[in-house]
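One structure is given here, and the rest of the page talks about it.
The values are calculated or read from the model by the stated rules, or taken from the named source; none is laboratory data. Only a predicted model underlies this, so the values are computations on that prediction, with no experimental measurement involved. With ideal geometry, Cβ positions are generated from the backbone for all residues, glycine too; neighbour counts draw on all protein chains shown. To get the accessible areas, we keep the full protein, side chains included, count just its heavy atoms, and leave off ligands, DNA and RNA. Shrake-Rupley method; radii C 1.70, N 1.55, O 1.52, S 1.80 Å.
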Amino acid sequence: MLLNGGVPLQACARTSSDSIGGFVIWADRRSTLTRADVVPHLAQLLGGWVAERMIYGDDGVSDGSSNDLERASAMALELLKGSGFGAARIFQTEHPEAPGCGFRTDLSATEDQARTWIEEAEKQAYQMLNKERARFDLLVAALAKRGS
């Protein structure tokens with residue numbers, strides 16, 4: 001929230017759904033991103049995953065974080081390949097065997113840039129959660145008690 005200026009309307013740690021363990025509903029989401037917004041936005045997406053690692057350690061992270069990781073990775077790759085945020089200003093397909101139009105070159109460089117963004121975003125999320133640790137601990141306690 002503090003990295004990307006997002007305003008959460010609701011944070012939910014438990015749901016009645018087997019497929020959705022928790023979620024955050026956001027207000028005031030901008031529909032477009034600039035290149036300067038990318039890493040803070042990815043840090044926001046990775047916040048739940050980073051929070052679980054901080055509270056429960058690497059071995060205590062749940063599979064509920066898979067959605068955070070999937071969305072962040074997909075966004076980084078899409079921005080690089082389809083939105084012109086990468087070094088190559090061309091549309092790039094997923095892999096050499098992918099059907100359809102699009103260049104099938106420079107994918108390793110694109111994946112390297114996406115990896116760098118994700119690593120930077122993870123560091124930013126850790127730094128912000130550590131900086132705001134007192135608030136973070138209060139939120140964790142409230143979610144553990146009430147769930148939402």
Worksheet item: If you take the residues in region 35-58 that are farther than 14 Å from Ser73 by Cα and crowded, with 21+ Cβ neighbours inside 10 Å, which one is modelled with the highest pLDDT?
Response: Val50
Discussion item. Residue under question is Thr105, and the condition is that it be open to solvent by 30 Å² or more (accessible area, probe 1.4 Å), modelled with pLDDT of 90 or more and over 19 Å from Cys12 (Cβ atoms); does it hold?
Written reply: no
Practice prompt. Could you please let me know if Ala144 is out of contact with any strand residue (DSSP E or B) (no Cβ under 9 Å at 6 or more places or on another chain), outside any helix (DSSP H, G or I) and modelled with pLDDT under 90?
Written response: no
Discussion item. Conditions first: (1) modelled with pLDDT under 85; (2) of a type in the set (A, V, I, L, M); (3) surrounded by 13 or more Cβ atoms within 10 Å (Cβ to Cβ); (4) over 20 Å from Ala141 (Cβ atoms). Met1 passes all but one, so which condition is the exception?
Written reply: (4)
Practice prompt. Find the residue count for region 120-139, including only residues that are modelled with pLDDT under 90 and either within 19 Å of the chain's Cα centre (by Cα) or crowded, with 19+ Cβ neighbours inside 10 Å (or both).
Written response: 1
Discussion item. Modelled with pLDDT of 70 or more, farther than 17 Å from Ala144 by Cβ and surrounded by fewer than 18 Cβ atoms within 10 Å (Cβ to Cβ): is that true of Asp18 in this structure?
Written reply: no
